[in-house]
Every structure is written in C-alpha cells, then in structure tokens.
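The block underneath contains the structure these notes are about, expressed in structure tokens.
Please treat every number below as a calculation from the coordinates, not as lab data. A quick note: this is a predicted structure, and the numbers were derived from the prediction, not measured. Backbone-built Cβ (ideal geometry, glycine too); neighbour counts: all protein chains shown.
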Amino acid sequence: MQQDYDLLIVGGGLAGNCLALKLAKSGLKIAIIEANTRQQLQSAPSGDRALALAAGTILMLETLDAWQGIRDAATAIKHIHISDRGHFGKTRLAAEKENVEALGYVITARELESHISHLVDATCIEVISPARVVGLMSGDKQIHVSLKRSNENLNLSAKLLVGADGGYSSVRQLLDITQQSVNYGQTAIVTTVNLSLPHNNTAFERFTSSGPLALLPLTKNQSAVIWTRTTEDAENLMLENEADFLTELQNCFGYKLGQLSLAAPRRAFPLSLIRAEKMLADRAVIIGNAVHQLHPVAGQGFNLGLRDVVNLADKLIAQAVNNTDIGAKDFLNAYANSRNKDHDRTIGFTDAVVKIFSNEWLAMALIRNIGLTLLDHIPSIKHILTRHAMGLDEIDLDSPRIAEE
C-alpha cells in the first residue's frame, strides 16, 4: 500500500525542525505538522529563554549547516564561575585551559528557532500548519494520522511518525506513553539584565538554598538571568516592582558584574523532572522534550534533545541508503537502546546537582564546598567536568558526519 509520506514529524519547534533539516537531502518524503502558526511560535514567551549551547552542540549544528548563519547572534562562554552562596567553595573553568575557542555559546531560543525555521523553508520539506493531530492508528506497514486543520479533516499515512511536539506532546498522549515526574517545588524566573561592568564572556552559576542562579553572557554588555527559587518565593518576586526585584537579585548575586538593571520582562516557568517511560510505539518514536524535561541547572535540556535528533537522523539516513523500513520495530528498538545511556547519565547528573545544591543541611553544605574547592585545584578532574559541560563526552567526535565538518 502506498504511503503519503515516508516520515511525518509532529512539532515545528527546534527538535522537529532540526530533524527535518538533517534529513532534507536523505531522499525521504517528509512533512512537518505544527499546531501553531509561525507568528504564534515567534511570539511565545518561551522564546525569551536563553539557551546555553555546549561545544558539542555547536559541532552538531555545524553538521546541519545551521551554525554559520547564526553564530554572530550568539555570545561565547570563555569562562564558567561556579560558587555556593554563603560558603567558601568555588571552581572556575576556562576555554583557554582546554585549548578551545569557547566552552559554549549563549543565544535566545527565539533567534535560534527563527533561523532553523528559515533554513527548513528553503528545503523541499512540506509544512502543514496550523494543524493538530487528533488520532493515530498503526498498521503493519504504515501509521495513519488524523489531523484537524481549521474546519478541514485530513487523513495521512507514513512509514514512521516522530513526535517532537514538546513537553505537552499530543503524540505521546495519543500513544498512551506514561511519564515519571518529579516536582522540585521550584520555579525559574527568566529575564535579561544590563550590566555596569563587563561580563568578559563569563557564565556564572551561583548555588543558593532555594536553587541556583545563573547569569549567562549576552551581547551588548548584558546577561541572561535564570533564577531558580521556591515556588512561593518566585510568586512573590514576580509580584514585586522592578526596583524591589532588582534589590533581591543584586543581594543574591552580588556585584561581580556591577549594578544590574532590567532589560527585558520577567517570565516564570515551573520546574519539574519529567521523563517518558518509553520512547517508542508501533511505527512511532518521540524525541526531545516529548521524552525528557530537565531542570535548567546544568543547561543540558536542548543539548540532550539535539543529540536525540542527530542520532535518530543518522540511523534514518542509513536505513534510507539501504532501502530498508524506517518504521521497523527492530530499527526503532535499536535507536531507543542507543539513547538510553545518554538519557540516564544526563538526567541523573542534572537531578543530582539540583538535590545536592538546593540543600542547606550543614553536612551536605560542607561536603559540596570541599568538593568545589578540590575540583578547582585538581586539573585532571576539572578537565573531566569541563568536557561534560561542553557536551563532548556524549557525542562521537570520530563519527564521519561530525569529522567531515
């Protein structure tokens, strides 16, 4: 039986568009299904958040031919300063020590999303938008997808469906894939501040009893703020006027960057650890935030999702070259097995950091501060941490698709 498409990607955000872009020259017939209009996507509050792109992520964006055109909009992280408020422990990481140009880069989600979308528009990939998936039915050779587009009902089929439609994934729900969830009782306040002193391309991560405070370098002598507080504290901070909010922020961070002033509205995002219990169903797979949502403390959410994308795309390209079924159960199982180790390690690391550094138990505070101090003075261990922060331990630098760049 003839399929309408080889591959249907549900979700026109970063994960879905990056996957489509990676597969644009694969010979597969692909369509992206997106529930929102381009204008709605561009104006979404989540676009304000800053993304810390690890060095490994930059390598993957280069394989998509997506980095060169956006590089000037990103700010290099050349130094990372980690400290524990009210305690002696601190450690510092430097790009120069690792013989690299940067440990990573910072860019707003909106700028990156817009750039990737324009690149997809320049390909032959079809975009069906705005349209919602309302039903799925799998068969031996294909998956049937029911869509609602305005007042029109559409029925499509494909060899494989990929759910890249975010944390509230309709694909995951329609596939009856359950989630495990940990509510941290925390909320991230996101904004941008002007600085009276230069940031010198330094990212600051300051741990406090109510959660971490990160200031990430941006252009024009600004820094992106990701301030994690208890849910109650965050609600109160969002209600405060600008002057009182800045006083609280300044007291928490200090004056390493001089006087701070607001350069953007404040946004609040509740924080949880959410992980789908599986990635697969018959002729369907979910990737990115549809599978895992992480605390922003280690800045690994998008980096982990992009590794999902590149891994899946490489395997799909190999299947297409060999003219084998891209929706076959053994193929999808092999993909899931290849991602489990990275998911376990990255999610476990992030969750552990949250619990260790949002804890004022005296013994725990002493242990973590000794750890930070030792880390700062033992180059071999610091090198391991730096490579992890750069995302270089989770990708294969010898892979032909990375090496050819």
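Can you list the residues of the range 95-136 with backbone N under 20 Å from a point 7 Å past the Cα of ASN201, pointing along Cα to Cβ?
Counting backbone N atoms under 20 Å from the label point, the list is 95-108.
Exactly which trypsin sites (Lys or Arg not before Pro) in the range 226-276 are in a DSSP loop and have at most 14 other Cβ atoms within 10 Å?
Values: sites: ARG229, LYS256, ARG266, ARG267, ARG275; in loops: LYS256, ARG266.
For trypsin sites (Lys or Arg not before Pro) across the range 226-276 that sit outside H, G, I, E and B with at most 14 neighbouring Cβ atoms in 10 Å, the list reads LYS256.
Filter the trypsin sites (Lys or Arg not before Pro) in the range 86-143 to those in DSSP coil with at most 14 other Cβ atoms within 10 Å of their Cβ, and list the result. Let's see the in-between values first.
Working: sites: LYS90, ARG92, LYS97, ARG110, ARG132, LYS141; in loops: LYS141.
Here the trypsin sites (Lys or Arg not before Pro) that fit, given the DSSP loop and packing criteria, are LYS141.
Could you sort out which of LYS148/LYS329; LYS159/LYS329; LYS29/LYS341 sit more than 23 Å apart by Cα distance in this structure?
Values: LYS148/LYS329 28 Å; LYS159/LYS329 11 Å; LYS29/LYS341 31 Å.
Listed pairs above 23 Å: LYS148/LYS329; LYS29/LYS341.
Between ASP244 and ASP4, with labels modelled 7 Å along Cα→Cβ, what's the label distance in nm to one decimal, could you check?
5.4
If each of LYS278 and ASN183 carries a label point 7 Å out from its Cα toward its Cβ, how far apart are those two points in nm?
2.8
Taking the Cβ of ASN241 as the centre, find all other residues whose Cβ is under 12 Å away and add up their charges (Lys, Arg: +1; Asp, Glu: -1).
On the way: positive: ARG266; negative: GLU240, GLU242, ASP244, GLU248.
Counting the neighbours of ASN241, the net charge comes to -3.
Where in the range 9-116 are there GluC sites (Glu not before Pro) that are in a DSSP coil and have at most 14 other Cβ atoms within 10 angstrom of their Cβ? Mind dumping the intermediate values first?
Working: sites: GLU34, GLU62, GLU96, GLU98, GLU101, GLU111, GLU113; in loops: GLU34, GLU101.
The qualifying sites are GLU101.
Give me the extension gain from ASN333 to VAL100: residue separation times 0.36 nm, minus the current Cα-Cα distance, reported in nm with one decimal.
Working: separation 233, 0.36 × 233 = 83.88 nm, distance 3.63 nm.
Result: 80.3 nm gained on full extension.
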